[in-house]
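For reference, the structure discussed in these notes is given below.
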Amino acid sequence: MVLNLEPISVERDLLAPGHRLCAGCAETIVVRQILHAVGEPVIVASSTGCLEVATSPYPYTSWRVPWIHSAFENAASTISGVETMYRALVKRGKIEDKGLKFVVFAGDGATYDIGLQFISGAMERGHRFLYVCLNNEAYMNTGIQRSSATPFGAWTTTSPVGKETPGKTQHRKDITAIFAAHNIPFVAQAAPHAWRDLMSKAKKAIAADGPSFINVIVPCQRGWRYAPGDTIELSRLAVDTCVWSLYEVVDGEWRLNYYPNPKKPVTDWLKSQGRFQHLLKPENKHVVDILQAEVDRQWTKLLERCKVS
Amino acid sequence: MKRDPANNISVTGVPSPKSWREIPIGGVITDAGNSEEYHTGGWRSFRPIWDWQKCVNCKVCWIYCPDGSIRIRDGAVAGIDLDYCKGCGICSKECPHDAIKMIEESAAEAEAKVKQ
């Protein structure tokens, strides 16, 4: 699947400008890329989060496609209902089948924590939809609280840095593997700097016969503490340090999409953001060592799963 | 952002709030994508400026713009939409040909005034 920007760039964005996300926010970069890949006709559901709040402050909406939001936890249930209603109406001959596509955009809080059982349920029931997790690794919308996607050692307002704790004291959970374990047709991890990879994954996901899941890292300049222009650079660095790996699981088969060469040390990643600045102090070296060991462990595990040596 | 002191609304194009008589029943928003009416360009403190000698029209800026503010005219990059550009500087940083430079908004505005 070769993607070229020439034909895509003349298409109209399905997300209108004038939304209130921070300058340099990666969420709309990802949403624009995915909506260009998926195309109309599409129905989008969002759970509560930065994207939902910033694209729909009354009386405005940035969505040029049908869009639905009901609560924090239940975007997967909402899209299940929409998809089932559509199928039922088509089956009864009440509407014509126009090949409608269904997409969910939700944050990491809604995906990793609050909505987990709802997504799991929707995937088990086998609804045909694409679930995109916009993973900025904390509850950024409410002011940077830790989530189960927040990495080990990161500062947030609820994982403070001080004498007692060096930031978050738990590792993040591997939600992508959890959804891969649902044995759905397509699961992937992606990043906005690799737009060709991300967009081709979105195309594959939407073509899959069943639920699909894409976990996308979205650098957050407010929560991660960096200059707004560095968003794409950080996305690239996350992949090069193996903090975030690009892979896909197609019908149970794991495939690695990018092998960083050279694999950069995790300290390069820590140096780039204010949320990790405390880890650069000599007294916190042991925390960095634990983090590096975990990154290496996950990377080795991924290589084994993808049968890459 | 410049504000009109009389009614405290932006003079850069943000419409005044509607009264309840003008709002559809149930508060339904009937105009999809009407956030276009809200100009986020007023947030900007840096402005991207193109060097057209260097731009090769690769559209990398377009795919990375969070605000969809890179204008495409007749299939070619045609600069920035200042109504929405928040001045994040991603286009400038990611341009593979170093064709986009960020300058301070106040300097850009002063320059525009001199040209007039």
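Between the C-alpha center of the range A:232-299 and that of the range A:100-135 there is a gap of 25 Å. If only the Cβ of Lys and Arg carry +1 and only the Cβ of Asp and Glu carry -1, the dipole of the range A:182-268 around its Cα centre is close to 180 debye. Using the Cα coordinates of the range A:173-230, the gyration tensor eigenvalues translate into equivalent-ellipsoid semi-axes of 26, 15, 7 Å, sorted from longest to shortest.
Here the Kirkwood formula puts the hydrodynamic radius of the range A:49-103 at 12.9 Å, using every distinct Cα pair. Ordering B:M102, A:M199, A:M140 by the number of other Cβ atoms within 10 Å of each residue's own Cβ, fewest first, gives B:M102, A:M199, A:M140. Listed by chain and number, the lysines whose alpha-carbon sits under 28 Å from that of A:K264, ignoring those within fewer than 8 places in the same chain, are A:K168, A:K173, A:K201, A:K281, A:K285, A:K301, A:K307, B:K93.
How high is the relative contact order of chain B, in percent, counting Cα pairs under 8 Å that sit 6 or more residues apart?
On the way: 147 pairs, mean separation 31.4, N = 116.
This gives 27 percent for chain B.
Counts of other chain beta carbons within 10 angstrom of each beta carbon in peptide B:83-89 average 5.
Using the number of other C-beta atoms within 10 angstrom as an exposure proxy, rank A:H171, A:H36 with the fewest first.
Ascending Cβ contact count within 10 Å gives the list A:H171, A:H36.
For chain A, the equivalent ellipsoid derived from the alpha-carbon gyration tensor has semi-axes of 32, 21, 19 Å in decreasing order. Return one number: the angle in degrees, 0 to 90 and rounded to the nearest 10, between the long axis of the Cα atoms of helix A:75-91 and the longest principal axis of the Cα atoms of chain A. The angle comes out near 20 degrees. Taking Cα centre as origin and charging only the Cβ of basic (Lys, Arg, +1) and acidic (Asp, Glu, -1) residues, the dipole magnitude of the protein assembly as shown rounds to 200 debye.
Taking amide H as placed 1.01 Å from N in the peptide plane, the amide H of A:F102 sits under 5 Å from that of A:I43, A:L130, each at least 5 places away or on another chain. At R0 = 45 Å, how high is the FRET efficiency between A:Y58 and A:D174 if r is their beta carbon distance? Nearest 0.05 is fine. It comes out at approximately 0.75. A helix-only calculation puts chain A at -10500 deg cm²/dmol for mean residue ellipticity at 222 nm, using -39500 (n - 2.57) for each DSSP H run of at least four residues, averaged over all residues. Per-residue Cβ neighbour counts within 10 Å put A:H286, A:H19 in the sequence A:H286, A:H19, beginning with the fewest. Per residue, the convex hull spanned by the Cα atoms of the range A:1-130 measures out at 138 cubic angstrom. Relative contact order of chain A, taken over Cα pairs closer than 8 Å and 6 or more residues apart, is 16 percent. Rounded to the nearest 500, the 222 nm mean residue ellipticity of chain B from helices alone is -4500 deg cm²/dmol, with -39,500 (n - 2.57) taken per DSSP H run of at least 4 residues. Shown is the FRET efficiency for A:A293 and B:C58, computed with R0 = 45 Å from the Cβ-Cβ distance and rounded to the nearest 0.05: 0.65.
Each reported figure results from applying straightforward, stated rules to the coordinates on display, with no laboratory input. Note that the coordinates shown come from a computational prediction; the quantities given were computed from them, not determined experimentally. Glycine gets a Cβ as well: all are built from the backbone with ideal geometry, and neighbour counts include every protein chain shown.
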